[in-house]
Amino acid sequence: MNATARFALPLLHAGQAQKELFHNEALLIADMLMQPCVEALGRAAPPADPVAGQCWIVGDSPEGAWAGSAGALALWTEGGWRFVAPREGMAVWVAGDELVARHVAGAWHAGRLAAAQLVIDGEQVVGPREPAIDEPDGGSVVDAEARAAIEAILQALRAHGLIDGG
C-alpha cells in the first residue's frame, strides 16, 4: 500500500529514499483538508495569481491546469497545484459565499442544511414536516378577513416547507 485509503496521502516505507518528499506532500494535503476553506465553488479555470494556501472547488468543465480534476479541491502550493477528490459527506466553508458546501451523491451543494430538527437555546423551533392542512371551508358564518388571514398563513407554511402542500 502506497497511500492512505481515504485521501491518498503518501505513506512512508522502510528504506525509502527521499522520505521528506513524501512526508511533505502528505502534510500539504493534510493542511488542505483540515478545516477546509475554499475561495469559491465551481470555477472552470485556475486563478491567474493564486497565493500559496488558497484552495478552490473545481467546476464541472475544468480548463488549463485544472483539466481532468472536476469536483476536486484544488490547492495552490509553492510547488504548484495539488488536487484531492472529495469524499461523500465532506464539508467545506466557501469563503466567497459565506456558506457551507457539502459533497453529496457525487456533487457539491452549497447552502443546504439537512437536519431532523432545529434547536435554538435548547428548544426545538422547527421539527419534521407536518401533514397538509385544508383550506377553511363552510361554517354558519363566513368571515372573509379571517379566512384570508388563515389562507395566507397556510400559504406561508407551505412555501417554507413546514407543512405539506396538500
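What follows is calculated from the coordinates using simple rules that are stated; it is not laboratory data. All values reported here derive from a predicted model rather than from experimental measurement. Heads up, the Cβs are rebuilt from the backbone with ideal geometry, glycines too, and the neighbour counts pull from every protein chain shown.
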Would you mind ranking 104, 51, 94 so that the residue whose beta carbon has the fewest other beta carbons within 10 Å leads the list?
51, 104, 94
Calculated from the structure, semi-axes √(5λ) of the Cα gyration tensor in Å equals which of [x] 33, 24, 14; [y] 22, 21, 16; [z] 51, 18, 13?
[z]
Note on the chain: contact order normalised by length, alpha-carbon pairs under 8 Å, 6 or more apart, percent, works out to 12
Mind checking the full-extension length gain between residue 30 and residue 1? Use 0.36 nm per residue of separation minus the Cα-Cα distance, one decimal, nm.
8.6 nm
For the chain, the longest principal axis of the Cα atoms and the Cα long axis of helix 19-33 enclose an angle in degrees, to the nearest 10, of 10
In degrees from 0 to 90, rounded to the nearest 10, what is the angle of the helix 144-159 Cα long axis to the longest principal axis of the chain?
20
Tell me, 32, 90 in order of fewest to most beta-carbon neighbours within 10 Å?
90, 32
Could you work out the longest stretch of the chain that avoids the GluC sites (Glu not before Pro) located in DSSP loops with at most 15 other Cβ atoms within 10 Å?
99-166
Could you tell me how far the Cα centroid of region 135-158 sits from the Cα centroid of region 54-104, in Å?
49
For residue 19 and residue 153 in one chain, what is 0.36 nm times their gap in residues minus the Cα-Cα distance, to one decimal in nm?
41.7 nm
Ranked from fewest to most other Cβ atoms within 10 Å of their own Cβ, 140, 69, 61 fall in the order 140, 61, 69
Show me the chymotrypsin sites (Phe, Trp or Tyr not before Pro) within region 28-103 that DSSP assigns to loop and that have at most 10 other Cβ atoms within 10 Å of their Cβ.
none
